[in-house]
Structure formats: C-alpha cells, structure tokens
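Enquirer: Questions regarding the structure given below will be posed in turn.
The values are calculated or read from the model by the stated rules, or taken from the named source; none is laboratory data. The structure displayed is predicted, hence computed values, not measured ones. Cβ atoms come from the backbone with ideal geometry, glycine included; neighbour counts cover every protein chain shown. We work out accessible area using only protein heavy atoms, side chains counted, and drop any ligands, DNA or RNA first. Shrake-Rupley method; radii C 1.70, N 1.55, O 1.52, S 1.80 Å.
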Amino acid sequence: MKRFLSVLMAALMLTTLSAFGISAEEKPQMTVSTVEANIGQTVTVNVIVSGNPGMCAAALKPVYDKTALELVEMKFNTALFSGNVKYGVKAVWSASADNVNNGIFLTLTFKVLDNAKIGISEVTIDNTDGYLNYGAVCNRKEENIKYKVVSGGVNIIEPNPPTMTVSTENCFPGDTVTVSVSLSNNPGIMAAALKPVYDDSVLELIDMKFNTALFSGNVKYGVKAVWAASADNVNNGEFLILTFKVLDSTEGFTDVSVQYSYGDICNFNTKVVNFIVTAGGVNISKKPGDVNGDNSLDARDLSRLMRLIADDKGFDDPECINADVNGDGTVNAKDIARLMKLIAESE
Ligand SMILES: [Ca+2]
Ligand SMILES: [Ca+2]
C-alpha cells in the first residue's frame with residue numbers, strides 16, 4: 001500500500017510539474033503539416049522535427065493514399081540538416097556528426113489526383129502506434145531515437161465552382177441600362193436557358209442578347225434566353241446582356257438576377273452543369289439638380305432649392321436629399337450657383 005501511494009505521489013508530482021510547464025526536455029517529435037489544395041494542384045507537405053536530441057541518420061517512409069495523391073518529390077532540408085541523401089521508397093539521410101537542429105527536415109511534394117475525394121487525405125511517416133519504427137532514426141552511437149509522429153495531410157478543397165455573376169449598374173430614372181451576366185470557372189457548356197429575374201414595377205426588359213462574339217451559337221429569346229452551340233464552350237466573360245428601361249420616378253436599388261432550372265445548362269455529353277448565380281442590380285439615383293425629384297431639370301428645381309435654403313432646412317431633412325447639387329455635404333448658395341449652371345446647360 002505504501003509503495004502504491006509513493007507511485008501515486010510521483011505521478012501527481014509529474015502531472016503538476018508538466019501543468020506548470022516545468023516538464024523535462026521536449027520529446028522528439030516529427031510533425032507532418034497540413035496544407036490545402038485543389039484537385040490537380042501540386043503542394044508541398046513539410047515534416048517538421050522538434051525536440052531533436054541529436055541524430056545522424058534517418059530513413060523515413062512517407063505513407064499516403066495513392067488513389068488521391070501522387071508523390072512527385074522528396075527533399076531533405078539540407079540547409080538545416082546537411083548530409084548525404086538518397087530517395088527511393090524511403091527518404092534516407094546521413095550526416096557525419098549528430099545534428100541537433102529543429103525545423104523542417106523533409107519536404108514531400110504531392111500532386112492531387114483528378115479523382116481524389118474532397119476532404120483531408122492523410123500523410124504521415126511510417127510508424128508503429130504513433131512512433132517512428134524502431135531504427136528509423138539514430139545517433140552516432142547507433143541508438144534508436146524514439147520520435148513521436150503527428151500526422152498531417154492534404155486538405156483537398158472544392159475547386160472554384162462555376163459562377164454566373166450579374167453586374168450592378170448605376171443610372172437615372174428614365175434611362176436605358178444594360179446589365180451583363182458573366183461566366184467564370186466555366187467547365188464547358190453547350191446549351192443554356194436563362195430566365196431574367198427583376199422587378200417589373202421598376203424595370204422594363206427591352207432586350208436580351210447573348211454575347212455571340214465569345215459564345216457563338218444559335219439563340220432564341222422569349223420568357224427565357226436560350227443559347228445552343230455545336231460544341232462545348234469553355235470561355236469566361238460576358239455571356240448574356242439584358243437591356244432595361246428604368247421607369248420614371250423610381251429610385252434606389254433594385255435586384256436583377258437570372259434563374260435556371262436543373263437541366264437548363266448542360267454540356268456536350270448532356271451532363272448537367274450547375275452555376276452559382278450572384279445577383280446584381282440597378283442603382284437608380286435622381287439626376288443631380290433634380291431637387292423636386294420629378295426627373296426633369298428646370299426652374300421648379302431652382303425655386304424648390306431657394307425655398308429649402310430660405311427655410312434653413314437641415315441637410316438631413318428628407319426634402320434636402322437631392323438638394324446638395326454640388327455634393328459637398330451642405331445645402332447652401334453654392335448649390336444654387338451650380339444648379340443654375342446645370343439648368344442653363346441642359347437641353
Ligand atoms: Ca425637377
Ligand atoms: Ca452643396
């Protein structure tokens with residue numbers, strides 16, 4: 001019983017010591033880094049040494065999923081760990097004296113294969129129960145160094161998804177404005193049917209037009225804009241141009257987007273292609289100097305502005321929103337001068 005207690009006491013002391021960070025020297029460890037990569041990309045994973053008590057030879061065997069990764073290159077960091085190297089199934093290193101450096105010891109360069117699954121593909125150094133195999137690393141005295149192995153890997157992330165971006169345009173009430181729908185990360189499409197989505201109390205769709213300079217093919221316009229080519233087109237850029245008439249006496253921001261149903265975009269093999277649609281819109285602001293907001297620029301605006309100034313209306317007053325004709329943040333006589341100039345110059 002006494003013996004058990006003393007063992008327990010010793011264990012408690014060790015726990016306490018390590019809790020205060022007064023542990024013995026750092027234990028030898030090899031940490032494999034984790035890096036992000038897209039499919040098809042080539043990436044480098046580092047094997048980092050810490051707590052190195054001194055070593056003069058190593059034979060490390062990388063372990064990884066060969067269906068996801070192809071090992072392109074192994075390379076010891078001889079700037080920090082000078083010595084002779086040899087690469088085969090294992091990466092072998094030897095030095096003429098014990099090296100006590102810590103840091104990047106070995107780099108492994110992988111290519112992420114086309115059919116790799118999304119997610120982490122583990123990379124480690126061949127080990128037994130989390131420690132390098134006996135004899136994998138030793139010092140000048142041929143003593144085995146028990147390195148703990150912390151696995152890492154390649155985090156294979158979703159490649160950039162095909163995206164359809166609707167532009168945002170600025171205009172005045174009554175204007176005609178064109179909004180473009182552009183493609184990016186286009187994996188190749190042969191046919192598409194897109195339905196413009198907008199607020200018809202603010203905008204009137206007067207024209208749809210595919211950019212056939214970049215996307216040659218046959219087109220048809222109805223409720224949807226339909227495009228079909230004879231082969232896959234992998235271009236990116238302006239795909240569809242929507243022309244709207246902005247209705248009079250409207251103001252503010254209005255959304256414009258495009259919709260498609262599943263199967264409305266496909267490639268030559270009739271495989272469905274999905275695009276993430278980023279909506280855009282039209283930002284409608286009143287004409288500079290249109291103080292009364294009736295979408296025309298005339299003497300009535302001047303009269304309104306003079307009244308606002310005479311009444312000493314604060315700039316925050318809703319009536320004054322369009323009264324800062326020169327845009328300097330205040331409403332004063334300078335705006336009258338600018339407005340007179342604008343009216344004089346208007347047709
Ligand atoms: Ca006006
Ligand atoms: Ca002003």
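Enquirer: In the structure shown, do any of 66/146; 61/146; 224/286; 287/334 have a Cα-Cα gap over 21 Å, and if so which?
Expert: Long pairs (Cα-Cα over 21 Å): 66/146; 224/286.
Enquirer: Let me ask you something else. Please turn the phi angles of segment 150-155 into ³J(HN,Hα) values with the Karplus equation 6.51 cos²θ - 1.76 cosθ + 1.60 (θ = phi - 60°), one per residue in order, whole Hz, x for glycine and proline.
Expert: 10, 6, x, x, 10, 8
Enquirer: Tally Lys/Arg at +1 and Asp/Glu at -1 over every other residue whose Cβ is under 13 Å from the Cβ of residue 176; what's the total?
Expert: Neighbour charge sum, excluding residue 176 itself: -4.
Enquirer: Local charge sum around residue 87 (other residues, Cβ-Cβ under 13 Å, Lys/Arg +1, Asp/Glu -1)? Walk me through the numbers on the way to the answer.
Expert: Details: positive: 61, 75, 86, 90; negative: 73.
Here the charged neighbours net out to +3.
Enquirer: For segment 279-287, in order, what is each residue's ³J(HN,Hα) by Karplus, 6.51 cos²θ - 1.76 cosθ + 1.60 with θ = phi - 60°, in whole Hz (x at glycine and Pro)?
Expert: Result, rounded to whole Hz: 5, x, x, 10, 9, 9, 10, 5, 5.
Enquirer: On to the next question. Just add up the charged neighbours of residue 283: K/R +1, D/E -1, any other residue whose Cβ is under 12 Å from the Cβ of residue 283. Spell out each step's value before the answer.
Expert: Values: positive: 286; negative: 169, 175, 251, 255.
Residues close to residue 283 contribute a combined charge of -3.
Enquirer: Something else now. Return one whole number: the accessible area per residue of the chain in Å², for a 1.4 Å probe.
Expert: Working: 19480 Å² over 347 residues.
Here the per-residue accessible area is 56 Å².
Enquirer: Provide 200, 335, 324, 294 ordered by accessible surface of protein heavy atoms (probe 1.4 Å), highest first. Before the final figure, lay out each step's value.
Expert: Working: 200 115, 335 0, 324 25, 294 60 Å².
Ranking 200, 335, 324, 294 by accessible area, largest first, yields 200, 294, 324, 335.
Enquirer: Kindly rank 161-167, 72-78 from highest to lowest mean number of other beta carbons found within 10 Å of each residue.
Expert: Values: 161-167: 18.0, 72-78: 15.9.
Order by mean packing, descending: 161-167, 72-78.
Enquirer: Across the Cα atoms of segment 163-284, what radius of gyration and what greatest pairwise Cα-Cα distance (Dmax) are found, in Å?
Expert: 14.5, 48
Enquirer: Still on this model: Gain in length, residue 228 to residue 65, computed as 0.36 nm per residue apart minus the alpha-carbon separation, to one decimal in nm? If you can, show how the numbers build up before the last one.
Expert: Details: separation 163, 0.36 × 163 = 58.68 nm, distance 4.13 nm.
Result: 54.5 nm gained on full extension.
Enquirer: Still on this model: Share of the chain's accessible area from carbon and sulfur, percent, 1.4 Å?
Expert: Summing carbon and sulfur atoms, their accessible area is 53 percent of the total for the chain.
Enquirer: So between residue 262 and residue 120, what do we pick up on full extension, going 0.36 nm a residue minus the alpha carbon distance? Spell out each step's value before the answer.
Expert: Details: separation 142, 0.36 × 142 = 51.12 nm, distance 3.00 nm.
Stretched out fully, the residue 262 to residue 120 stretch lengthens by 48.1 nm.
Enquirer: Okay, moving on. Please list 54-65, 266-277 highest first by mean number of surrounding beta-carbon atoms within 10 Å per residue. Could the numbers behind the result be given before it?
Expert: Working: 54-65: 19.6, 266-277: 14.2.
Ranked from most to least packed, the peptides come out as 54-65, 266-277.
Enquirer: Taking the alpha carbon gyration tensor of segment 26-157, what are the square roots of 5 times its eigenvalues, largest first, to the nearest whole Å? Display every interim value, and only then the final one.
Expert: On the way: eigenvalues 143, 40, 29 Å².
Equivalent ellipsoid of segment 26-157: 27, 14, 12 Å, largest first.
Enquirer: Here's a follow-up. Is the C-alpha gyration tensor of the chain telling us rounded, prolate or oblate? Criteria: a/c under 1.5 is rounded; beyond that, a/b larger than b/c is prolate, otherwise oblate.
Expert: Numbers: a/c = 3.76, a/b = 2.08, b/c = 1.81.
Cα axes put the chain in the prolate bin.
Enquirer: Using 0.36 nm per residue of separation minus the Cα-Cα distance, give me the extension gain between residue 276 and residue 50 in nm, one decimal.
Expert: Values: separation 226, 0.36 × 226 = 81.36 nm, distance 4.46 nm.
Additional length available on full extension: 76.9 nm.
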